[in-house]
1. Quick one: length gained pulling residue 83 to residue 142 fully straight, 0.36 nm per residue minus the C-alpha distance?
2. For the ranges 163-172, 226-235, what's the packing order if you count other beta-carbon atoms within 10 Å of each residue, average per peptide, and put the highest first?
3. Given a Förster radius of 30 Å and the C-beta distance between residue 64 and residue 246 as r, what FRET efficiency does 1/(1 + (r/R0)^6) yield to the nearest 0.05?
4. According to a simple spin-label model (label point 7 Å from Cα along Cα-to-Cβ), what is the distance in nm between residue 46 and residue 110?
5. Rounded, prolate or oblate: which fits the stretch 34-81, taking a ≥ b ≥ c as square roots of the Cα gyration tensor eigenvalues, rounded meaning a/c under 1.5, else prolate when a/b beats b/c?
6. For residue 128 and residue 177, calculate 0.36 nm times their separation in residues minus their Cα-Cα distance, and state this gained length in nm to one decimal.
7. First check a/c for the stretch 141-247, with a ≥ b ≥ c the square roots of the eigenvalues of its C-alpha gyration tensor; if it is under 1.5, answer rounded, and if not, answer prolate when a/b is larger than b/c or oblate otherwise.
8. Starting from the Cα of residue 71, step 7 Å along the direction of its Cβ; do the same at residue 161; then give the gap between the two resulting points in nm.
């Protein structure tokens with residue numbers, strides 16, 4: 001469960017495919033506690049967002065669950081490049097990721113059928129087993145990192161004040177005319193900041209807002225990282241390990 005710097009993008013299909021035998025928990029590089037569960041415990045809901053890594057191309061796509069027959073199949077609306085569609089018949093296997101309120105679920109599935117009209121739909125099999133990733137909350141550290149956020153509310157300078165493998169908190173100036181005051185939990189922004197990675201690249205992460213508070217002319221915002229690119233997962237892990245080492249954790 002990783003990747004994608006753009007919050008709703010599809011990646012370059014020219015990228016070499018991933019190994020199909022990679023277990024789902026390897027898709028959650030920023031998680032630590034994984035529990036294997038029977039597939040019958042999977043609770044899907046119409047309208048939920050789901051991420052699919054199609055093993056025929058090794059790419060990840062965002063879709064929406066639009067229907068299901070419990071324990072038999074579920075239907076996802078997702079737009080795919082024509083080249084990807086042509087490869088599905090050769091390898092219909094996929095790895096799915098769902099975020100359910102701080103718990104990540106990953107499982108293997110198979111594309112049973114697909115339709116292009118009246119909407120681009122994939123019919124997917126229910127899994128035999130799934131993996132539940134309980135995100136740790138005890139690795140949060142206080143920091144003071146200048147950064148910026150970008151999205152539907154414009155571009156804003158922020159200070160990241162709290163950082164963890166699964167998310168962060170940041171603060172921004174607030175004024176009566178600031179469009180950021182209209183931000184609500186569940187909406188997304190793109191965070192960029194410098195974590196002083198040894199690879200020299202800035203950290204970039206799509207963030208789903210979980211909390212928005214205003215105090216004394218500043219907005220205090222908490223969010224969860226989603227859809228992190230592999231490079232940014234490595235940057236975050238490296239930074240967290242370095243901070244924990246300095247703190248003696």
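What follows is calculated from the coordinates using simple rules that are stated; it is not laboratory data. Note that this is a predicted model, so its numbers are computed, not measured. Positions of Cβ are backbone-derived with ideal geometry, glycine not excepted, and every protein chain shown enters the neighbour counts.
1. 16.7 nm
2. 163-172, 226-235
3. Taking R0 as 30 Å, the efficiency between residue 64 and residue 246 is 0.10.
4. Here the modelled spin labels are 2.7 nm apart.
5. Oblate, because a/c is 1.5 or more while a/b does not exceed b/c.
6. 12.5 nm
7. Prolate, since a/c reaches 1.5 and a/b exceeds b/c.
8. 4.9
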